[in-house]
Every structure is written in structure tokens, then in C-alpha cells.
Amino acid sequence: MGFVKVVKNVPYFKRYQVKFRRRREGKTDYYARKRLVVQDRNKYNTPKYRLIVRFTNKDIICQIAYARIDGDVIVCAAYAHELPRYGVKVGLTNYAAAYCTGLLLARRLLKKFNMDGIYGGCEEVTGDQYQVESIDGQPGAFRCYLDVGLARTTTGARVFGAMKGAVDGGLDIPHGVKRFPGYDSESKEFHADVHRKHIFGQHVADYMKLLQQDDDDAFKRQFAQYIKNGITADTVEAMYKKAHAAIRENPEAVEKKEKVEPAKKKRWNRAKMSLKQHRDRVRQKKEAYLKKQAEGAGGDDE
């Protein structure tokens, strides 16, 4: 069969329907969103909560949200840039930081609903699977579903670190262990000790030791902030342990300080005048000119 040219004629364009704006921008996966948002009919207006995890170059964003017709409603949020308050001043986008951010979000949310005393989560971090169960005679465990957006859900991805932190913090999130670091797809076995190492940043500590032995200049360049803050490979785990304890002790957000007004910029030209100011300026110029003329005329008469 020869080449057939596809002619897009008038009927084609009359029936063409553009995709949703956020699909055109490549920001939202509507196939996944529909399944995360749509609620069962017999649950009426009950919100279907989502744990939204997003990564930027310098930050991690974790939010609990539910959908409404006029847009998503954010119930609670936590960010990796809050972690320096809890002692984690470096590596704010790695797996260990993602776990801390998820833990912070979970404890903050439960405290908001006065459920932090009922669901304490997993206080001893082992890296193994943990599932929150509802307690009889108490409000049910807070259930939400992981929303990864457009991120690749590969084994060991950081989005699952944030989810694990939220689960250990006391949230009920359906999940398995197949995407955690330490899962072997060939033997179908999960090694919790490998996952624990990632939660406490030991994979970073191991790389620090290796790089320091192989190339000291590269180590000083890549881990300059660690050196500046006095963090060594041996103190990384202790830093994260203290952070977990501090987050559980006080997960509340700090109120933002009022923004300081920036200094006035120096102008090299005249500021734009209003019509009233312009007319007043013209009037003053006329008066000055007439006054000068009158004075000149008086001098000539003398």
C-alpha cells in the first residue's frame, strides 16, 4: 500500500476538542486523578483525602488535600525547608529528608484533629512494613491515598520515603513493600535493614566515606555544607534520630513573620504626576513667569 496523506479537513477541525489546560501543560495525569478523586456514591459528601508529595530542586512538599468542584482544599501541609528547626540543616531533598517531611505532616495533621494521643504511629523505626489500625471506641484512623503526580514510581523512589514517614507518623495509607529500598524483585524478598539505612541517611554516609577516601577535593566540594555544619558520616544517623524525636514533640507550624518592606529604590527621573499635580505645576509656573515680568516692567519705569 502506498503512502496516504491524511487530510485534516473542515469536519475534522469542527469536531476537534482541546484537552484540559493542565494536560496541555503536562502538569496533571487525569487518568490517575480521576481514580484518586472520585468518591463512592453511598459515601455522599465524604472527602476522599490524598497525600500529595512533590519534589522541587531544593524542597519537598507534602500536603493532605481533598477535591471539590471549585478546586482542591488543602487540609494540612509540611515542607522540607522546615526541617532546619528540627536539626536537619543539610540534604533537604534526600530519602531521609522525605521521611522526616512525611512524619512531620502526619503528626501535624493528627494534632490538628486532636488524634495525636490516640494514634502514635511507629515510634521505633525498623524500616519494616507497618499499618495503622483503627482503635475500637475511638475515632477511626485517618485514611488517605498517595498521590505521586507525574513522578516515576521506581523501587527506592523518594516519594515512598515521604509515604513511609506519614505511615509511621500514624496515617492509614494502603501500600505494600515492593517499592521500598531493600526489595529484591528477583528473589521477591524485602530486606527491612536496607530500608532502615535509607531512612537514617546511611546510604549518604557510606558515599561520604567512599568519596573521602577516593577524592578528598571532590568530597570537600560536594559535601561543603555538611563540613560547614560539622556533620560527619558517623553523626548522620544521630542527627535524624534527634529530628524524629523533635518532630514528635512539637510538630506545629511556626507563624510567618511580617515581611519587611524593601528599601525605596533610587529614581533617576521624575515620578509620574497625576492630572491635579500637573495642573497645579502649570499654574505655579504661570504665576512665577507673570511675577518675573511684573518685576522687570517696574524696573524699566524707574
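The values are calculated or read from the model by the stated rules, or taken from the named source; none is laboratory data. Remember, it's a predicted structure, so these values are computed and weren't measured experimentally. Heads up, the Cβs are rebuilt from the backbone with ideal geometry, glycines too, and the neighbour counts pull from every protein chain shown. These accessible areas exclude ligands, DNA and RNA; they are computed on the full protein's heavy atoms, side chains included. Shrake-Rupley method; radii C 1.70, N 1.55, O 1.52, S 1.80 Å.
Within the range 193-302, which trypsin sites (Lys or Arg not before Pro) sit in a loop by DSSP and count at most 11 neighbouring Cβ atoms inside 10 Å?
Sites meeting the loop and neighbour criteria: K256, K257, K259, K264, K265, K266, R267, R270, K272.
Convert each backbone phi in the range 276-282 into a coupling constant with the Karplus relation 6.51 cos²θ - 1.76 cosθ + 1.60 (shift: θ = phi - 60°), then list the ³J(HN,Hα) values in order as whole Hz, x for Gly and Pro.
Whole-Hz 3J(HN,Hα) from phi for the range 276-282: 4, 5, 5, 5, 5, 5, 4.
Given H placed on each backbone N at 1.01 Å, which residues far from F180 in sequence or on other chains put an amide H within less than 5 Å of it?
G156
Just round it to a whole percent: the fraction of Cα-Cα distances in the range 1-98 exceeding 22 Å.
It works out to 56 percent of all Cα pairs.
Would you count, across the range 176-225, every pair of lysines whose alpha carbons are under 25 angstrom apart, provided the pair is eight or more residues apart or spans two chains?
Lysine pairs meeting the criterion: 6.
Can you find, among M208, A288, L171, the residue sitting farthest towards the positive end of the charge dipole of the chain, where Lys and Arg contribute +1 and Asp and Glu -1 at Cβ?
Of the listed residues, the answer is A288.
For C76, list long-range residues whose amide hydrogen, built 1.01 Å from N in the peptide plane, is under 5 Å from its own amide hydrogen.
Hits under the 5 Å cutoff: I64.
Give me the one-decimal nm value for the distance between modelled label points at N250 and N114, 7 Å along each residue's Cα-to-Cβ direction.
A separation of 2.3 nm, rounded to one decimal place.
Can you compute 3J(HN,Hα) from phi for each residue in the range 112-122, using the Karplus curve 6.51 cos²θ - 1.76 cosθ + 1.60 with θ = phi - 60°, rounded to whole Hz and x for Gly and Pro?
Taking θ as phi minus 60°, the curve returns 4, 9, 6, 10, 5, x, 8, 10, x, x, 9 Hz for the range 112-122.
Under 10 Å, Cα contacts only: if you run a Gaussian network model on the chain, which one of Q129, Q277, Q39 comes out with the highest mean-square fluctuation?
With Cα springs under 10 Å in the chain, the top fluctuation among Q129, Q277, Q39 is at Q277.
For K285, which lysines qualify as cross-link partners when the Cα separation must be under 16 Å and same-chain residues fewer than eight apart are set aside?
K276
Normalised by the residues of the range 81-205, what does the relative contact order come to in percent, with Cα pairs under 8 Å and at least six apart?
Relative contact order, the range 81-205: 33 percent.
Among the lysines, which have Cα under 20 Å from the Cα of K264 when same-chain residues fewer than 8 positions away are ignored?
K272
Roughly to the nearest percent, how much of the accessible area of the range 98-191 is carbon and sulfur, given a 1.4 Å probe?
43 percent
Who wins for biggest fluctuation among L104, L275, L210 in a Gaussian network model of the chain, springs between alpha carbons below 10 Å?
Of L104, L275, L210, the most mobile in the Gaussian network model is L275.
What is the Cα centroid distance between the range 175-202 and the range 109-174, reported in whole angstrom?
17 Å
Using a Förster distance of 30 Å, how high is the FRET efficiency between D70 and Y130, based on the Cβ-Cβ distance and rounded to 0.05?
After rounding to 0.05, the efficiency reads 0.25.
Over the chain, what relative contact order in percent results from Cα pairs under 8 Å that are six or more residues apart?
For the chain, the relative contact order is 16 percent.
Below 8 Å, C-alpha to C-alpha, sequence gap of six or more: please give me the relative contact order for the range 195-245 in percent.
Contact order relative to length: 48 percent.
At what distance in nm do the modelled label points of R85 and R179 sit from each other, each positioned 7 Å from its Cα along Cα→Cβ?
It works out to 2.8 nm between the two label points.
Rolling a 1.4 Å sphere over the protein heavy atoms, what is the accessible area per residue of the range 32-149, to the nearest Å²?
Averaged over the residues of the range 32-149, the accessible area is 52 Å².
Which entry in [x] 250; [y] 437; [z] 157 matches volume of the Cα convex hull per residue in Å³ derived from the coordinates of this structure?
Calculated volume of the Cα convex hull per residue in Å³: the matching label is [y].
So what's the net charge close to K286: Lys and Arg +1, Asp and Glu -1, counting the other residues with Cβ under 14 Å from its Cβ?
After counting each charged neighbour, the total is +4.
For a quick check: with amide H placed at 1.01 Å from N, whose amide H comes under 5 Å from G87's, ignoring anything fewer than 5 positions away on the same chain?
Sorted by chain and number, the residues that satisfy this come to none at all.
Per residue of the range 142-158, in order, report the coupling 6.51 cos²θ - 1.76 cosθ + 1.60 (Karplus, θ = phi - 60°) as ³J(HN,Hα) in whole Hz, putting x for Gly and Pro.
My calculation for the range 142-158 gives 6, 9, 8, 10, 6, 10, 9, x, 9, 5, 6, 8, 7, 5, x, 5, 5 Hz in order.
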